[in-house]
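Novice: Next up is a structure, given as structure tokens.
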Amino acid sequence: MSETNWNMAILAKTMRDAGFFVTGARDAAEVLEYARSGQQNAILLDTDLPDMTISEAVIALRHSQPKLPICVFSRRVDPEQRARLMRLGADDVADWPDVPRETVAQLRAYIRRAHGLPNPLVEREGVRVNLSWQNVDVGGDRLHLTRLEYELIEMLALRGGTLVTREQIMSQLYAWEDEPDPKIIDVYICRIRAKLETMGAPDDLIQTSFGQGYRLGLPATADARTVAA
């Protein structure tokens, strides 16, 4: 394994350990295909791509996905290259070896802001989703969720009350790897609703659009707001 591949493998493990679902790509063309058809919240690129220059890849990605966070990593990056890549559309250009915890924190901030959420907490009627610490509280008590259950709630929270289809949920939760029957999403939703009901959460917190998908019940009123940490 080359140094570049080793570095990206370490970063991928760091992301997975922090709760991210990570899909690997062999080249820039595959990255672009994933960006067009998938539900990625961010793209991490190494400067050593086999089929494009890093500048070409950043331009193509930014043209295809105007709001998607793009982070570039390189062992050797000078101020001129960093400035050029950020002018072309990269959100960040980091040196190796970077500090993994800082990378995780920065990535979460980029993702929140790309979805229009300036702060890490989303709250409605005593239900609080903490996007930084990856947990959910109901009335001040922690809601115990599996990793996939939390990821599903987080995905709905990031969409700010808009409809998320079952296909979009499947793409993000499983990233094309060993996908189960799509009906498993209904099972997860039922389990989450049961847990929320037990703790006294609003009945309409997770809303179903039959045959289409789900949304988090965050109407544009004083009840639904983002609050500072």
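Novice: Taking Cα atoms, how many degrees apart are the long axis of helix 79-88 and the longest axis of the chain, rounded to 10 and kept between 0 and 90?
Specialist: 50 degrees
Novice: Please compute the net charge surrounding D203, taking Lys and Arg as +1 and Asp and Glu as -1 over other residues with Cβ under 10 Å from its Cβ.
Specialist: -1
Novice: Here's something else I'd like to know. Would you mind pulling out the separation of the Cα centroids of the stretch 141-199 and the stretch 1-80, in Å?
Specialist: 25 Å
Novice: Further question on the same structure: Return one whole number: the accessible area per residue of the chain in Å², for a 1.4 Å probe.
Specialist: Ligands and nucleic acids excluded, the figure is 53 Å² per residue.
Novice: Compute the acute angle (0 to 90°) between the alpha-carbon long axis of helix 54-64 and the principal axis of greatest extent of the alpha-carbon atoms of the chain; round to the nearest 10°.
Specialist: Long axis of 54-64 versus the principal axis of the chain: about 30 degrees.
Novice: Return the percentage of antiparallel bridges among DSSP beta bridges fully within the stretch 71-182, rounded to the nearest 5 %.
Specialist: Antiparallel bridges make up about 75 percent of those DSSP assigns within the stretch 71-182.
Novice: Heavy atoms only, probe 1.4 Å: what % of the accessible area of the chain goes to carbon and sulfur, would you let me know?
Specialist: 51 percent
Novice: Follow-up question, since we're still on this one. Can you divide the C-alpha Rg of the chain by 2.2 N^0.38 Å and report the result to two decimal places?
Specialist: Its radius of gyration relative to the 2.2 N^0.38 Å reference: 1.07.
Novice: Excluding same-chain residues fewer than 8 positions from K195, which lysines have a Cα within less than 23 Å of its Cα?
Specialist: Hits, sequence-local ones excluded: K183.
Novice: Show that you can apply the helix-only estimate: for the chain, add -39,500 (n - 2.57) for every DSSP H stretch of four or more residues, divide by all residues, and state [θ] at 222 nm to the nearest 500.
Specialist: Result for the chain: -13000 deg cm²/dmol, rounded to the nearest 500.
Novice: Based on the mean of other Cβ atoms within 10 Å per residue, sort peptides 54-66, 135-147 so the most packed one is first.
Specialist: 54-66, 135-147
Novice: Test of understanding: what is the full-extension gain from R75 to R147, defined as 0.36 nm times their sequence separation minus their Cα-Cα distance?
Specialist: So the extension gain works out to 22.7 nm.
Novice: If you wrap the stretch 86-163's Cα atoms in a convex hull and average its projection over all directions, what's the area in nm²?
Specialist: If I average the Cα hull's projected area over directions, I get 6.9 nm².
Novice: What angle, in degrees between 0 and 90 and rounded to the nearest 10, separates the Cα long axis of helix 28-37 from the longest principal axis of the Cα atoms of the chain?
Specialist: Its long axis makes an angle of about 20 degrees.
Novice: While we're on this one: May I ask for the longest run of the chain untouched by chymotrypsin sites (Phe, Trp or Tyr not before Pro) that are loop-located per DSSP and have at most 14 neighbouring C-beta atoms (other than their own) within 10 Å?
Specialist: It works out to 1-132.
Novice: Give me the percent of DSSP beta bridges within the chain that run antiparallel, rounded to the nearest 5.
Specialist: If we restrict to bridges inside the chain, about 70 percent are antiparallel.
The values are calculated or read from the model by the stated rules, or taken from the named source; none is laboratory data. Note that this is a predicted model, so its numbers are computed, not measured. So basically every Cβ, Gly included, is an ideal-geometry build from the backbone, and we count neighbours across all protein chains shown. When the accessible area is computed, the model is the full protein with side chains, heavy atoms only, and any ligands, DNA or RNA have been set aside. Shrake-Rupley method; radii C 1.70, N 1.55, O 1.52, S 1.80 Å.
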